[in-house]
Amino acid sequence: MAEDRIARLRAALAERGLDGLVVVKPENRAYLSGFTGSAGVLLITPERAVLITDFRYTEQAAAQAPAFQVMKPESTDEALIARLVDEFGLKRIGYEGDHLTVDQFQTYRQAVSGCEWVSVTGLVETLRMVKDQTEIARMRRAAEIADEAFAQILPLVKPGAVERDLAAELEYRMKKLGAEGVAFETIVVSGVRSSLPHGRPSDKAIAAGDLVTFDFGALYEGYCSDMTRTVVVGEPTDKQREIYSIVLEAQKRGVAACRPGITGKELDDVCRSYIKERGYGEYFGHGTGHGVGRFIHEGPRVSQRGGDVVLQPGMVVTIEPGIYLPGWGGVRIEDMLLVTESGAEVLTRTPKELLIL
C-alpha cells in the first residue's frame, strides 16, 4: 500500500524535476507512510524514504511505516534533514507551501543551504483524490457506522429534546459502533436555526413542527464519512413539504449525474440549475459537494469555484444541495458517493424520503 503511493509520488516528483519532497502535513504524512503520530516529517527521494520523529513515536513509527527508515533527530528535524540532504546530494527539494508557516519555511531554508526549495502545493493532495481499495473499505465502514448511529438516535428526536444532547448522543453511538472519533463537529439545528448551513448545536429544545437537520460523520481508521438528513417533528406544513421535495429532487439529479468524465462544476450545475428553476437559487449559497478522505473537505470540489477537476473512478465525493430561508428554516440532504467505472455508488444508505417523526 505505502509502496504504491510512494511510487506514484516519485513519478510526480520526476515530472517536476525534483530530487525530493519534505512532507509535514499530518494527513499527507499518514497517507504516504501509515504513521499516525502527531509529530513527524517525511523526506522522500527517488531512492530513499525517511520518517523523522521523536522518542515518543519511534516504536509506533517502526510498526506503522515499514516502508520508511525511521530516524530520531539528535537536535532538530531541520538539522537532520540538512544532513540527509547533503548526504543524498539533493539539489531541488519540494515543500508544502500551503502548510508551512513563513517562520517554519525560513527555519528549513536557513538550516538546509545549498539547494533550491520549490513549493508543490497540492501535489500529495492530488494523489489522494483517487482512493485505493484499502481506503474505500475504510470509508465504506465509516459510512455504515454513521448510518447505524443515526438510526439508533431517531427515537430520541421528539419535542423537548435538546440539539446539544442529540449531537452528543449521536457522537457517542458512533464511537460505540467502532468509530475512533467524529469526522468533524456534528451539526444539529432545528426550527428557524435549520437555516444555518453550519450552525452549531445549541441548548434549543426541539418543538413540534420543527425541521431538524443532522450533518455528521464517523472517523474510522483515519478515514471520514459525511452525511446529512433533515427530518420533521410532527406533521409537516405544505411549505416544508415543498422545500424538501425540491432539495430531494436536486440531490437525486446530482447523484444520477455523478460519473467519470464530469467536472465538479458541471455536477454542481445539475443541482443548482434545478433549485434556481424552482425559484430558490438565491437560497442555495454553498457548493454542491466536496471530496472526502482522510480530511472531511478535500479535493475534488463539486462547486462553481475550483470545480474544474474531472471526476475519475476511485474518487469519493458528496452531493449535498440545500435551501435555507432566514427566519423560517432550511433543508439539506447529503450522500457520500464513490465514483465507479460506469457511474457512482452511493455509500450512504439511510433513506432520503421525508421522515416524519
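Table for the structure above
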quantity	calculated
Sequence-distant aspartates and glutamates (8 or more away, or on other chains) whose Cα lies within less than 18 Å of Lys175	Glu144, Asp147, Glu148, Asp165, Glu185, Asp215, Glu221, Asp226
Degrees separating the helix 163-176 axis from the principal Cα axis of the chain, which is the longest one	50 degrees
In Hz, Karplus ³J(HN,Hα) per residue of segment 349-357 (6.51, -1.76, 1.60; θ = phi - 60°; x = Gly, Pro)	9, 4, x, 10, 5, 3, 9, 9, 9
Charge tally in the Cβ shell below 11 Å around Arg294, where Lys, Arg are +1 and Asp, Glu are -1, Arg294 excluded	0
Between segment 310-357 and segment 164-205, the Cα center-to-center distance that results, in Å	18 Å
Segment 211-357, relative contact order in percent, only Cα pairs under 8 angstrom and at least six apart counted	30 percent
Length added when fully stretched, Arg8-Arg83, from 0.36 nm per residue minus Cα-Cα	24.4 nm
Exposed-site-free run, longest, the chain (rule: GluC sites (Glu not before Pro); DSSP loop; at most 16 other C-beta within 10 Å)	222-340
Sorted by Cβ neighbour density within 10 Å, fewest at the top, the residues Asp103, Asp308	Asp103, Asp308
Computed E for Lys25/Ile356 - FRET, C-beta separation, R0 41 angstrom, nearest 0.05	0.40
When each of Lys131/Lys176; Lys239/Lys352; Lys239/Lys276 is checked by Cα-Cα distance, pairs over 20 Å	Lys131/Lys176
Nearest-ten-degree value, helix 102-111 long axis tilted from longest Cα axis of the chain	20 degrees
Projected label distance in nm at Ser119 and Leu196, using a 7 Å step from Cα toward the beta-carbon	3.5 nm
C-alpha center-to-center spacing [segment 260-284, segment 73-91] in angstrom	50 Å
Likely footprinting exposure, Asp4, Asp165, fewest C-beta neighbours within 10 Å first	Asp4, Asp165
0 to 90° range, to nearest 10: angle between helix 238-257 axis and the chain longest Cα axis	40 degrees
Sites Arg349 and Glu266, calculated FRET efficiency, Cβ-Cβ separation with R0 30 Å, nearest 0.05	0.70
Sum of -39500 (n - 2.57) over DSSP H runs of 4+, divided by residues of the chain (222 nm, nearest 500)	-11000 deg cm²/dmol
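Just so you know, all these numbers are worked out from the coordinates, no wet-lab data involved. Predicted model, so just to flag it, every value in this text is computed and none were measured. Every residue, glycine as well, gets a Cβ built from its backbone with ideal geometry; the counts of neighbours run over all protein chains shown.
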